[in-house]
Each structure stands twice: as structure tokens, then as C-alpha cells.
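*Asks:* Structure provided below as C-alpha cells; questions to follow.
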Amino acid sequence: MSVRGVCYRAEDRLILSDITFDVYRGEVLSLMGMSGSGKTTLLKCLGGLVRPTSGAILVGGEDIVRLPESELDRIRLRFGFVFQYAALFDSMTVFENVAFGVQHHRRIPMAELRQVVARRLEDVNLAGTEELYPSELSGGMQKRVGLARALAMEPSVLLYDEPTSGLDPVIGRAIDDLIVRTRDTYGVTSVVVSHDIETIFRISDRIAMLDVGVLLTIGTPEEVRNSDLPKVREFIYGDNGYDNLNRPPLTTMENAL
Amino acid sequence: MTPPRRLSIIPVMTARAWHTQQRRLGHGAAISTLLFVGDTWRLVFQSAGFIARGKVSLAETVRHMAQLGVDSLPITIATAASTGAVLAFYTAGVFVRFGATVFVGGTLALSFLLELGPVLAGVMVAARGGAAIAAEIGTMVVTEQVDALRSLAVSPVRYLVAPRLLACVLMLPVCGLVADFAGIGGSIIMSATSGVPVSSFFESVRSMATETDLIKGLVKTLWFGLTIAAVACRQGLRTERGAAGVGRATTSSVVLCVVLIFISDFFLAQILMGASVAAK
């Protein structure tokens with residue numbers, strides 16, 4: 001996937017400004033930045049949920065920015081989107097949520113559908129929750145159901161929007177592991193939006209940083225860690241030079257895992 | 001002492017702000033009206049496309065028919081029956097005084113078949129069902145459930161709008177018919193207590209009202225159903241900014257639906273009357 005000169009303007013504000021980068025097959029690329037830096041908008045542009053004002057997003061050689069809505073659905077089937085607040089259909093059970101996309105696009109017998117859903121729920125360690133409603137699940141469980149719903153469509157690219165925000169560190173780490181495990185098991189390309197630098201440096205093959213809609217840097221975790229850019233250093237190490245990445249380990253968290 | 005300069009520029013600033021605001025308001029109102037009309041018709045045409053191609057879930061449509069139509073029947077019956085009774089109370093009183101008892105039944109029946117039945121049914125469904133549609137879809141928008149649908153390559157128009165549109169168009173005539181009967185029922189009871197015999201009431205209805213009047217009223221309800229579903233879905237899909245946005249979408253949906261029902265009722269009455277005159 002290639003992003004070329006993407007700009008997005010909403011009313012009078014420029015949300016994304018001339019963003020250019022590539023996403024390589026099978027990698028975990030994290031987009032980090034402060035709140036309001038345009039990370040989620042960029043992620044939604046990649047998933048075909050927001051149409052950029054200008055620029056191109058090439059997926060398998062096709063520019064999805066110029067595709068009509070009906071054609072875009074064909075591309076969306078190759079993407080799985082895990083939303084910040086899970087965005088589960090609240091009037092449906094976990095089973096219906098996970099089965100939703102499959103039911104709409106593949107006519108498969110109910111027995112087979114049950115197997116697909118059970119397998120996806122096992123992948124996210126939520127076997128046996130089929131009959132529960134989203135309101136009966138914790139935030140972490142909801143996010144995992146959201147991942148199971150995306151995985152059920154067998155996507156080649158997974159887009160995660162703030163997968164660990166609002167979760168306690170133990171569950172957050174479990175979600176991190178799940179992202180890496182999903183990549184390793186299914187070979188999917190993953191793009192993760194986060195401002196949690198522990199998560200980012202733990203799971204990423206490459207990291208990009210956005211600041212007020214501008215791509216500041218992109219590179220391996222090591223390259224980003226050693227960046228000389230003041231805003232990157234400030235984001236990673238904090239104002240007072242405190243290294244957020246090399247904090248002493250939280251024993252309780254480690255023990256819990 | 002020199003008067004403070006600030007005071008002297010206040011009128012200028014106020015006038016400039018007022019002018020800018022007026023210009024913006026006029027400009028914004030025109031554009032938002034065009035956007036509203038364009039959006040709403042686009043939803044109608046897209047939904048019609050899905051319905052024509054049979055790509056609408058039957059189960060969803062039936063569920064919405066129950067929610068929008070059947071569940072609205074009790075309030076439709078209550079309002080139509082009481083409106084019929086009040087109307088009969090005034091009408092029968094005056095007609096009996098002037099010795100025009102034979103016109104009471106026909107007048108009240110025509111009022112309901114042509115006007116009150118369809119409009120009352122439309123207003124009740126708009127208030128109950130339209131509000132529910134806008135609130136439900138609006139909540140789905142702000143909780144990203146609509147984006148989740150799109151991410152699963154499921155068209156929100158196909159899944160959310162088309163079944164509601166079909167259900168509303170199919171159920172409004174049923175609600176209109178029930179409102180007609182409830183209104184006329186209420187009229188019969190009240191007329192009887194005001195000195196109009198039931199047999200005279202029915203005789204009057206038979207001599208003044210025809211099946212065509214019933215059909216004209218039901219044609220109106222088809223349009224009202226389309227208006228309610230399309231406007232409520234459009235307002236829901238355009239929801240912005242959290243819970244307050246859902247509240248705004250719901251309120252604007254009900255207000256727009258009710259206003260459009262009354263305005264379109266006027267034009268439909270002219271068109272249907274013109275059509276019947278031309279047919280004669």
C-alpha cells in the first residue's frame with residue numbers, strides 16, 4: 001500500500017498535509033502522535049472510510065481515492081478495521097456481530113458460520129461468549145470482539161485505531177500480544193494508531209510520527225528512538241528528558257502476564 | 001472628559017457583525033436547504049435501487065414494519081378517536097341547530113378520509129417512529145457503528161435506510177386506514193350523544209363519501225411514509241458531535257417531518273382534487 005501526497009481538509013482546517021509513505025506487506029506499522037494530530041483520520045483514509053481531499057492511496061495498484069463508493073466496497077473487503085471504542089452493533093449478540101460481515105458477503109450454512117465465529121473468538125480468547133451482548137462485556141473484551149469481527153472477513157490488512165486506549169496495562173499488553181500474534185498467525189499487514197509509546201515500541205516493525213497533520217518521521221523503532229527531531233524526542237522522552245521507554249518494569253504487570 | 005473611544009465603535013462593530021452574520025445566515029440557509037433536499041432524494045433513489053433489486057433484508061423490513069407501524073397504532077387510534085369525538089361535538093351541535101343533521105356523518109367522514117386520518121397518522125408516526133429512526137441511526141453514527149458497517153463493505157443505505165423506507169411506506173397507509181376508522185368511530189359515538197342517530201350518520205356517509213375519497217387519503221399516506229423515513233434517516237446519518245448531536249438530529253427530524261407533512265398535504269390536496277376533476 002502506498003500513500004502519496006494525501007491531504008485532507010475539513011471545513012477551514014487542514015487535517016492532513018501532503019502525507020507520503022509506504023506500508024509493506026506483513027509489517028506492523030504504527031502511527032503515533034499527539035491527540036488531534038490526524039492519526040485516526042489518516043487511518044480512516046487508508047481504510048476507505050474517509051476520502052482524502054487530494055493525493056492518492058494505492059492498494060494493489062488501484063487508487064482508492066478515485067474509486068466510486070460501490071467499487072470501494074471491493075477494496076474494503078480486504079481491510080479489517082478495529083475501532084477505538086470497538087463500535088460493536090449494540091443490538092446484536094457477540095455471535096451476530098462476528099458473523100455479520102460473513103453473512104452479508106458469503107452465503108455459508110449456519111453450521112459452518114458457527115464454526116467460523118467460534119474459531120475467531122478462540123483466536124481472541126473469548127470462546128463461549130457468543131450469546132452475550134456488547135453491554136455485558138468489558139472494554140477490553142469489546143475490543144477483542146471487534147478484532148474477531150474484523151478477522152472473520154479474512155482481511156489482508158488490519159487497521160487498529162487506539163487498540164489499548166482506556167484499558168488497564170494488563171489488558172493493554174494482552175491486546176499488544178494479540179496484534180503481534182494475529183500478524184504472525186495470519187500474515188496480515190497491520191497499521192496501528194496509538195499515542196501509547198510502550199505499545200508502539202513493543203509491537204512495531206516501523207513507526208511513523210504525525211504532528212498537526214504533517215508526517216514528521218518514519219523508520220524502524222531504533223531510528224525513531226534515535227531521532228534528532230525535537231518533537232519526536234519530546235513525544236518519546238517527555239519534556240524533562242525522562243525516558244518513557246526505559247521505565248523500571250511494573251512487577252505486578254509482568255507477574256499478571 | 002473625552003468619551004471613551006470604545007463606546008463609539010460598538011455600533012460599527014455590531015452593525016458589521018450583524019451584516020456578516022446575516023450574510024452567513026442567508027448563504028448557509030440556502031446551502032443547507034439544498035444539501036438537505038439533495039441528501040434526502042439521494043437516499044430515496046439509492047434505497048429504491050436496493051429495493052428494486054431485492055437487496056433488502058426481509059427480516060429487517062418486517063421488524064421495522066412492527067416498530068414503525070404496529071407499535072404506532074395505539075397512539076394513532078387514541079388521537080384519531082378523540083379528534084373525531086371533539087370534531088363531532090362541535091359539528092353536530094351546529095348542524096343540528098340549523099337542521100342539517102343529514103350532513104353530519106358525511107362531513108365528518110370526508111374530513112377524516114381526505115384529511116385528518118392521513119395527517120394524524122403521519123404526525124403520530126413522525127413523532128414516534130421518525131424520532132426513533134433518527135435517534136437510532138444518529139447513535140450508530142456517533143458510536144462509529146455506521147463506519148463499522150462501511151468497513152465491512154455493507155452499505156448503510158442498504159442495511160439501515162432501505163428497510164425503514166420500505167416499512168414506513170407500507171405501514172403508513174395501514175395507520176391511515178386505522179386512523180380513518182378510529183376517527184369516524186369517535187365521531188359516531190359523539191354525534192349520537194348530540195342527537196344524530198347512528199342510522200342517519202351512516203346514511204349521510206353513504207350519500208356523501210365514496211371509495212375514491214378513501215383512496216385519495218391513502219395516496220397521501222404513501223407520500224407521508226416516504227417523507228418520514230427519508231427525512232429521519234437523513235437526519236440520523238448527518239448526526240455530529242455526540243449525545244447532543246443525537247438530540248438535535250431527533251428534534252430536527254420530528255420538526256421537519258411534521259412541517260413537511262403539512263406543507264405537502266396542501267399540495268397533495270390540490271393535485272388529488274385536480275386529478276379527480278380531470279377524471280370527471
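*Asks:* Can you find a residue that is surrounded by 24 or more Cβ atoms within 10 Å (Cβ to Cβ), assigned to a helix (DSSP H, G or I) and in contact with an Asp or Glu (Cβ under 6 Å, 6 or more places away or on another chain) anywhere in the range B:124-132? Outline the logic, then answer.
*Replies:* Quick first cut of the range B:124-132, residues surrounded by 24 or more Cβ atoms within 10 Å (Cβ to Cβ) only: B:125-126, B:129-130.
Cutting the leftovers down to assigned to a helix (DSSP H, G or I) gives us B:125-126, B:129-130.
Now narrow it down to the ones that are in contact with an Asp or Glu (Cβ under 6 Å, 6 or more places away or on another chain): none.
No.
*Asks:* Quick check on this structure: which one of B:Val246, B:Val258 is buried (at least 17 other Cβ atoms within 10 Å of the Cβ) and more than 22 Å from B:Leu170 (Cα to Cα)?
*Replies:* Working: B:Val258 fails: more than 22 Å from B:Leu170 (Cα to Cα).
After ruling out the rest, the residue left standing is B:Val246.
*Asks:* Here are A:Gly166, A:Gly139: which of them is of a type outside the set (Asp, Glu) and at positive phi?
*Replies:* Numbers: A:Gly139 fails: at positive phi.
Being of a type outside the set (Asp, Glu) and at positive phi holds for just one of A:Gly166, A:Gly139, which is A:Gly166.
*Asks:* Further, regarding this structure: Restricting to the range B:142-176, give me the number of residues that are touching a helix residue (DSSP H, G or I) at 6+ places or on another chain (Cβ under 7 Å), touching a residue at least 60 places away in the same chain (Cβ under 8 Å) and not basic (Lys, Arg).
*Replies:* 19
*Asks:* Inspect the range A:32-49 for any residue being within 19 Å of A:Val192 (Cα to Cα) and assigned to a strand (DSSP E or B) and give the result as yes or no. Reasoning before the result, please.
*Replies:* Residues of the range A:32-49 that are within 19 Å of A:Val192 (Cα to Cα), as a first pass: A:32-49.
After this cut, where a residue has to be assigned to a strand (DSSP E or B) as well, the list is A:32.
Yes, the range A:32-49 contains at least one residue that is within 19 Å of A:Val192 (Cα to Cα) and assigned to a strand (DSSP E or B).
*Asks:* If you don't mind, another one. With in a loop (DSSP other than H, G, I, E, B) and either under 23 Å from B:Gly183 (Cβ atoms) or modelled with pLDDT of 85 or more (or both) as the only criterion, which of B:Gly49, B:Gly93, B:Gly54 stands out?
*Replies:* Values: B:Gly49 fails: in a loop (DSSP other than H, G, I, E, B); B:Gly93 fails: in a loop (DSSP other than H, G, I, E, B).
Answer to the selection: B:Gly54.
*Asks:* Just give me the residues in the range A:68-104 being more than 8 Å from chain B (Cβ to nearest Cβ) and assigned to a loop (DSSP other than H, G, I, E, B), in sequence order.
*Replies:* Answer for the range A:68-104, where residues must be more than 8 Å from chain B (Cβ to nearest Cβ) and assigned to a loop (DSSP other than H, G, I, E, B): A:Pro68, A:Arg78, A:Ala86, A:Ser91, A:Met92, A:Thr93.
*Asks:* Could you say which residue among B:Val219, B:Val198 is of a type in the set (Val, Ile, Thr), surrounded by fewer than 21 Cβ atoms within 10 Å (Cβ to Cβ), in contact with a helix residue (DSSP H, G or I) (Cβ under 9 Å, 6 or more places away or on another chain) and at pLDDT 90 or above? Walk me through it before giving the result.
*Replies:* Values: B:Val198 fails: at pLDDT 90 or above.
Criteria check complete, one pass: B:Val219.
*Asks:* With the range A:171-227 as the region, which strands (runs of 3 or more DSSP E) entirely inside it contain at least 2 residues that are of a type in the set (Val, Ile, Thr) and within 15 Å of the chain's Cα centre (by Cα)?
*Replies:* Values: elements: A:189-194, A:206-211, A:214-219.
Passing ranges, in order: A:189-194.
A quick yes/no check of all residues on (1) in contact (Cβ under 8 Å) with a residue 12 or more places away in the chain; (2) within 18 Å of B:Ala135 (Cα to Cα); (3) of a type in the set (Gly, Ala, Ser); (4) in contact with an Asp or Glu (Cβ under 7 Å, 6 or more places away or on another chain):
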position: B:Val205; (1), (2), (3), (4): yes, no, no, no
position: B:Gly217; (1), (2), (3), (4): yes, no, yes, yes
position: B:Ala229; (1), (2), (3), (4): yes, yes, yes, no
position: B:Gln235; (1), (2), (3), (4): yes, yes, no, no
position: B:Arg248; (1), (2), (3), (4): no, yes, no, no
position: B:Leu260; (1), (2), (3), (4): yes, no, no, no
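*Asks:* Give me a count of the residues in the range B:133-153 that are assigned to a helix (DSSP H, G or I) and within 11 Å of chain A (Cβ to nearest Cβ). First the steps, then the outcome.
*Replies:* Our first condition is that a residue be assigned to a helix (DSSP H, G or I); within the range B:133-153, this holds for B:133-142, B:145-151.
In the following step, the residues that additionally are within 11 Å of chain A (Cβ to nearest Cβ) were identified as B:136, B:139-142, B:145-151.
So the answer is 12.
*Asks:* Name the residues in the range A:30-66 that are of a type in the set (Ser, Thr, Tyr) and either farther than 17 Å from A:Ser190 by Cβ or more than 19 Å from the chain's Cα centre (by Cα) (or both), would you? Please lay out each step first, then the result.
*Replies:* Here is the first cut: in the range A:30-66, the ones of a type in the set (Ser, Thr, Tyr) are A:30, A:35, A:37, A:40-41, A:53-54.
Correct list: A:Ser35, A:Ser37, A:Thr41, A:Thr53, A:Ser54.
*Asks:* Report whether or not B:Arg234 is closer than 24 Å to B:Thr40 by Cα, of a type in the set (D, E, K, R) and exposed (fewer than 14 other Cβ atoms within 10 Å of the Cβ).
*Replies:* Numbers: closer than 24 Å to B:Thr40 by Cα: yes; of a type in the set (D, E, K, R): yes; exposed (fewer than 14 other Cβ atoms within 10 Å of the Cβ): no.
No; evaluated as a whole, the condition is false for this residue.
*Asks:* Hey, can you tell me all the residues within the range A:105-155 that are within 13 Å of another protein chain (Cβ to nearest Cβ), surrounded by 15 or more Cβ atoms within 10 Å (Cβ to Cβ) and in a helix (DSSP H, G or I)?
*Replies:* Filtering the range A:105-155 down to residues within 13 Å of another protein chain (Cβ to nearest Cβ) leaves A:105-106, A:134-135, A:142-143, A:145-155.
So of that shortlist, the ones also surrounded by 15 or more Cβ atoms within 10 Å (Cβ to Cβ) come out as A:134, A:142-143, A:145-155.
Selection gives A:Pro134, A:Gln142, A:Lys143, A:Val145, A:Gly146, A:Leu147, A:Ala148, A:Arg149, A:Ala150, A:Leu151, A:Ala152.
*Asks:* I would also like to ask the following. Out of the range A:74-92, which residues are under 9 Å from A:Lys143 (Cβ atoms) and either over 12 Å from the mean Cα position of the chain (by Cα) or surrounded by fewer than 23 Cβ atoms within 10 Å (Cβ to Cβ) (or both)? Steps first, answer last, please.
*Replies:* Pass one, the range A:74-92, residues under 9 Å from A:Lys143 (Cβ atoms): A:82-86.
Those that are under 9 Å from A:Lys143 (Cβ atoms) and either over 12 Å from the mean Cα position of the chain (by Cα) or surrounded by fewer than 23 Cβ atoms within 10 Å (Cβ to Cβ) (or both): A:Gln84, A:Tyr85.
*Asks:* All but one of (1) within 14 Å of another protein chain (Cβ to nearest Cβ); (2) assigned to a loop (DSSP other than H, G, I, E, B); (3) surrounded by 15 or more Cβ atoms within 10 Å (Cβ to Cβ); (4) not acidic (Asp, Glu) hold for A:Val65, so report the exception by its number.
*Replies:* (1)
Matching residues to (1) among the basic types (Lys, Arg); (2) out of contact with any Cys (no Cβ under 7 Å at 6 or more places or on another chain); (3) within 14 Å of another protein chain (Cβ to nearest Cβ); (4) crowded, with 20+ Cβ neighbours inside 10 Å:
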site	(1), (2), (3), (4)
A:Ser17	no, no, no, no
A:Thr20	no, yes, no, no
A:Ser35	no, yes, no, no
A:Gly48	no, yes, yes, yes
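*Asks:* Could you tell me whether the range A:108-119 includes any residue that is basic (Lys, Arg) and more than 20 Å from the chain's Cα centre (by Cα)? So that I can check it myself, show each step before the final result.
*Replies:* Going residue by residue through the range A:108-119, those that are basic (Lys, Arg) are A:114, A:119.
Still in the list and also more than 20 Å from the chain's Cα centre (by Cα): A:114, A:119.
For the range A:108-119, residues basic (Lys, Arg) and more than 20 Å from the chain's Cα centre (by Cα): present.
The values are calculated or read from the model by the stated rules, or taken from the named source; none is laboratory data. Computed from a prediction, not measured in an experiment: that's the story for all the values here. When we count neighbours, we look across all protein chains shown, and the Cβ atoms used for this are built from the backbone with ideal geometry, even at glycine.
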